[in-house]
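> My questions all concern the structure below.
The values are calculated or read from the model by the stated rules, or taken from the named source; none is laboratory data. For clarity, every value in this text was computed on a predicted model and none was experimentally measured. Positions of Cβ are backbone-derived with ideal geometry, glycine not excepted, and every protein chain shown enters the neighbour counts.
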Amino acid sequence: MGLEDNSIEFRLQVPESDRYVGNPEDYVDAAEYEALLQTLAESDGGGRRGAPPASKSAVEALPTVKIESEGVVCAVCKDLLGVGDAAKRLPCGHEYHGDCIVPWLSSRNSCPVCRFELPTDDREYEEERVVNSASSNSNGASSSGGGGGGGGGGTHIV
């Protein structure tokens, strides 16, 4: 083999009689896969995935502001908010198109940018949040809803 020969030869022999590599019992066919998915869906137990939506009163209380400066971006749709456009401002200061943030908050209770949490109508979740907040504060950490100030500099409440 000379310096000009940069090729590598690789040979793999697969037994022709076996359809599976390794243990055939490790594989799931389509019917077994569907049965597995059905079992998982049924055994979910109604467990919650993530935070509940923001309360209707919290969403309705969001102020509508008028954008007065350029460069404000709605983090939900990624479009610019134009000067003079109406926007909704969350308590953390971040601003969004009303048509973007209201549906967002109907499925989760947090700001898309800083994760500031708005109140929910879920009593169990709110009680858990209070307990977690108290334990976080006793450890010297801030609560999960600490605002991160976003817009505000180039807007005023309409």
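> For Leu36, state whether it is outside any helix (DSSP H, G or I) and among the aliphatic types (A, V, I, L, M).
no
> Among the residues of segment 77-92, how many are more than 16 Å from Ala54 (Cβ to Cβ) and surrounded by fewer than 19 Cβ atoms within 10 Å (Cβ to Cβ)?
Of the residues in segment 77-92, 9 are more than 16 Å from Ala54 (Cβ to Cβ) and surrounded by fewer than 19 Cβ atoms within 10 Å (Cβ to Cβ).
> I would also like to ask the following. Would you please list the contacts, defined by Cβ atoms under 8 Å and residues six or more apart or on different chains, that run from a residue in segment 72-85 that is in contact (Cβ under 8 Å) with a residue 12 or more places away in the chain and within 19 Å of Arg115 (Cβ to Cβ) to a residue that is among the small types (Gly, Ala, Ser) and in a loop (DSSP other than H, G, I, E, B)?
Pairs that qualify, where the first residue is in contact (Cβ under 8 Å) with a residue 12 or more places away in the chain and within 19 Å of Arg115 (Cβ to Cβ) and the partner is among the small types (Gly, Ala, Ser) and in a loop (DSSP other than H, G, I, E, B): there are none.
Quick grid of which residues meet (1) in a helix (DSSP H, G or I); (2) over 30 Å from Thr120 (Cβ atoms); (3) at pLDDT 70 or above; (4) not polar (S, T, N, Q):
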position: Met1; (1), (2), (3), (4): no, yes, no, yes
position: Ile8; (1), (2), (3), (4): no, yes, yes, yes
position: Ser17; (1), (2), (3), (4): no, yes, no, no
position: Tyr20; (1), (2), (3), (4): no, yes, no, yes
position: Gly47; (1), (2), (3), (4): no, no, no, yes
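> To continue, here is another question. If a residue must be touching a helix residue (DSSP H, G or I) at 6+ places or on another chain (Cβ under 9 Å) and either free of Cβ contacts under 8 Å to residues at least 60 places away in the same chain or part of a loop (DSSP other than H, G, I, E, B) (or both), how many such residues does segment 95-109 contain?
Residues meeting the conditions: 6.
> Filter segment 121-156 down to residues that are part of a loop (DSSP other than H, G, I, E, B) and buried (at least 16 other Cβ atoms within 10 Å of the Cβ) and give me whichever is modelled with the lowest pLDDT.
Once the filter is applied, the top-ranked residue is Gly145.
> Name the residues in segment 112-141 that are touching a residue at least 24 places away in the same chain (Cβ under 8 Å) and out of contact with any strand residue (DSSP E or B) (no Cβ under 8 Å at 6 or more places or on another chain), would you?
Val113, Cys114, Arg115, Asp121, Asp122, Tyr125, listed by residue number.
> Then there's this: For Val65, which of the numbered conditions (1) without any contact (Cβ under 8 Å) to a residue 12 or more places away in the chain; (2) among the hydrophobic types (A, V, I, L, M, F, W, C); (3) crowded, with 17+ Cβ neighbours inside 10 Å fails to hold?
The number of the failed condition is (1).
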